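Here's the structure we're looking at; comments come further down.
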Amino acid sequence: MTSTRTDLRAWALMLPLLVVILGVVSWPLASTVHLSLTDAGMAARSGNFVGLGNFTRNLGSGAFRAAFVNTAWFTAVSVSAELVLGVLAALLLNQEFRGRSFLRALMILPWALPTVVNAILWRLIYNPEYGALNSALYQLGLIDAYRSWLGQPSSAMMAMVVADVWKNFPLVGLISLAALQSVPRETLAAAIVDGAGPWARFRHVMLPYLAGPLMIAIVLRTIEAFKVFDIVWIMTRGGPANSTRTLSILVYQEAFSFQRAGSGASLALIVTLVVMMLAVAYVAIMRRTALRV
Amino acid sequence: MERRSPAFTLFVYAAAALLGVCLVLPIFWLFVMSVSPASDLAAKPLRWWPEHLDLSRYRLLLTWAENTTGKDFLSALRNSLTVAGMAVAAALAVAVPAAWAVSRRPSIEWSLQVLIMTYMLPPVALAVPLYMGLAALGLLNSVFGLALIYLSILAPFTTWLLKSGFDAIPRDLEAAAAIDGARLDQTLRIVILPLAAPVLSTAALFALLLAWDEFFYALLFTADQRAKTVTVAIADIAGGRIADYGLIAAAGVLAALPPLLIGALMQRAIVAGLTGGGVKG
């Protein structure tokens, strides 16, 4: 059988998948690009061509910049915390102790809990009048009056980050644990014989095995965090005073609440571009560090 | 292994206990809230352990009667199951041939890598045209419309998972089947799929979790009991004027139960899938 014929057959087998993606992803994306160049509303879909007007206006707007900063802050803080806590949990689970496999099984729970349920659970915990956090801190004598954790700009974003980190650090932990367990025991034993301390063992023996999987986890978590919508929508809807309004929330409001489809589309494309640049940057860094460790 | 000092052993157990508490406490508290009488939850400070077991919220949510929260919630559970079931079945149907093609013809693997990139797109970048498209097709507020969109989310990564499973199946088996005169579809059905059963079920369960979890598109594209999924329904309950936090908690527990069970059952497969597929990619 010739190679072209088998190639053709392979493409034929790919066809249903390609049709689905073309119809449900590529076509809408192209349509969003088109919309972003118009002043279309949600009801009257054909707007006037305005060129890059939506982009320049939105990039210059204070609302966009504030949402960008919020999103970047949320992403940077949650992903770093998930990374640190995940690796620490993996180092712990890599030790031998009784109940280790049970504890590892528990790591699945936050990951499996639906995102929306997680957001609602933490909203209940942070409730200003009847929340568990207020009650616990008050009874421990750490605060003398109940606080509105999600109702104040100073604490709302951090409260949301905690909820996101709790749900996602176990995933980073499980990925790191699998990587740690692929470190050959002989290599580790040799390092100990050579007198390598805990830090040297981590840095020179474990990190080379950890770096690749961890990088993939960071890329995936960063992309997810930058697109964050669900947890914000449930916990604060972007408030108070827009202090937790992320880019996805801003796009949603622009397109669906204010019915400005064209402007919303331009914002959505800006978010997409940033996510892609982040992914490309990570892959480039990963290639470079892969050569070094 | 290095011998550990007693102090270090103590530290390991203390850290393990702390990690265990952190992982379980929030979920356990959700459950406690769901069975605590409303008066306990409205106490200041809270009554941490219920005076008596109050199962009224579960009764309310699981009773099918006209114009009740129960009917809303139960139809949402039904819709979630229908949408996720249809989307997962369709995703596997398109993923099996595609994954096999990519696994056996590495020269076209780039096409799958391009499709995987769609994962980077924020849903907001597709939402407006999808909304208009579904409206034009009469598929707004329909389980079929939502399942179609979920199919596009599930199919690329299901294909990716299946491909790494198919890669592990020796080609000799197909050659032998071809010599015996089997057609391609017969080879796939009789030889490949049974061998790929473990990876097929992992992919299906993964896809099911993802579909069950989805909120953004469901929020936009569904409006009432005919299509609202469970994520939207509990967001409604939590966002409404309900003063009883126990009811919100109970709805959360019920919505979380299926994925938590699946997660507990397939924890080994999840870790293997997340690392194996990810690391090799």
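Coordinate-derived values only; no laboratory data. Nothing here was measured: the structure is a model prediction, and the numbers come from that model. Every residue, glycine among them, receives a Cβ derived from its backbone with ideal geometry; neighbour counts consider all protein chains shown.
Projected label points at B:Ala43 and A:Ala241, each 7 Å from Cα along the beta carbon direction, are separated by 3.7 nanometres.
Label the protein assembly as shown by shape, choosing from rounded, prolate and oblate, from the square roots a ≥ b ≥ c of the eigenvalues of the Cα gyration tensor; if a/c is under 1.5 it is rounded, and otherwise prolate applies when a/b is larger than b/c, oblate when it is not. It is rounded, given that a/c, with a ≥ b ≥ c, falls under 1.5. With contacts taken as Cα pairs under 8 Å and at least 6 residues apart, chain B reaches a relative contact order of 28 percent.
From the residues A:Trp233, A:Ser78, A:Val162, which one has its Cα farthest along the dipole of chain A in the positive direction, the dipole being from +1 and -1 charges on Cβ of Lys/Arg and Asp/Glu about the Cα centre? The residue sitting farthest along the positive end of the dipole is A:Ser78.
So, with +1 on the Cβ of K and R and -1 on the Cβ of D and E, and no other charges, what is the size of the charge dipole of the stretch B:1-54 about its Cα centre, to the nearest 20 debye? Show your work: numbers first, answer last.
Details: 4 positive and 4 negative charges, 54 e Å.
Computed about the Cα centre, the dipole is about 260 debye.
Please give the charge dipole size of the protein assembly as shown, origin at the Cα centre, charges +1 on K and R Cβ atoms and -1 on D and E Cβ atoms. Round to the nearest 20 debye.
Magnitude of the dipole: close to 700 debye.
Within 10 Å of each residue's Cβ, count the other Cβ atoms and sort B:Asp54, B:Asp167 from fewest upward. Don't jump to the answer; show the numbers that get you there.
Numbers: B:Asp54 19, B:Asp167 14.
So the residues, fewest neighbours to most, are B:Asp167, B:Asp54.
R0 = 56 Å: FRET efficiency of A:Ala12 with B:Val21, Cβ-based, nearest 0.05? The pair A:Ala12/B:Val21 has a calculated efficiency of 0.55.
For chain A, the Cβ-based charge dipole about the Cα centre amounts to some 380 debye (Lys, Arg positive; Asp, Glu negative; other atoms uncharged). Across the options B:Leu25, B:Leu257, B:Leu151, the greatest Cα extent toward the positive end of the charge dipole of chain B (unit charges at beta carbon of Lys, Arg, Asp, Glu) belongs to B:Leu25. How far apart, in nanometres, would the label points at A:Arg100 and A:His204 be if each is projected 7 angstrom from Cα along the Cα-to-Cβ direction? Inter-label distance under the simple model: 2.5 nm.
Helical content alone sets the calculated 222 nm signal of chain A at -22000 deg cm²/dmol, taking -39,500 (n - 2.57) per DSSP H segment of four or more residues and averaging over every residue. Using θ = phi - 60° in the Karplus curve 6.51 cos²θ - 1.76 cosθ + 1.60, the 3J(HN,Hα) couplings for the stretch B:85-97 round to x, 5, 5, 5, 4, 5, 4, 5, 4, 7, 6, 4, x Hz; x is entered for Gly and Pro. With the simple spin-label model, which puts each label point 7 Å out from Cα in the Cβ direction, the B:Arg189 to A:Asp194 separation comes to 5.8 nm. Net length available on complete extension from A:Ala63 to A:Met286 is 77.0 nm, with 0.36 nm assigned per residue and the Cα-Cα distance removed.
Hydrophobic long helices, here whole DSSP H runs in chain A with Kyte-Doolittle means of at least -1.0 and Cα atoms spread over 20 Å or more along the helix axis, are found at A:3-21, A:62-93, A:153-180, A:207-226, A:261-292. Evaluating 6.51 cos²θ - 1.76 cosθ + 1.60 at θ = phi - 60° for every residue in the stretch A:237-247, the Karplus couplings come out as 6, x, x, x, 6, 6, 6, 10, 6, 8, 4 Hz, glycine and proline recorded as x.
Have a look at A:Ile249, B:Pro6, A:Ser266 and report the one farthest towards the positive end of the charge dipole of the protein assembly as shown, computed about the Cα centre with Cβ charges (Lys/Arg +1, Asp/Glu -1). Projecting each Cα onto the dipole axis, the largest value belongs to B:Pro6.
The loop-placed trypsin sites (Lys or Arg not before Pro) in the stretch B:157-197, going by DSSP, that have at most 15 neighbouring Cβ atoms within 10 Å of their Cβ come out as B:Arg171, B:Arg183. For the listed peptides A:125-131, B:37-43, A:112-118, a ranking on the average number of other beta carbons within 10 Å per residue, highest first, reads A:112-118, A:125-131, B:37-43. Residues whose amide H lies under 5 Å from that of A:Thr38, counting only those 5 or more places away or on a different chain, are A:Val50; hydrogens are built 1.01 Å from N in the peptide plane.
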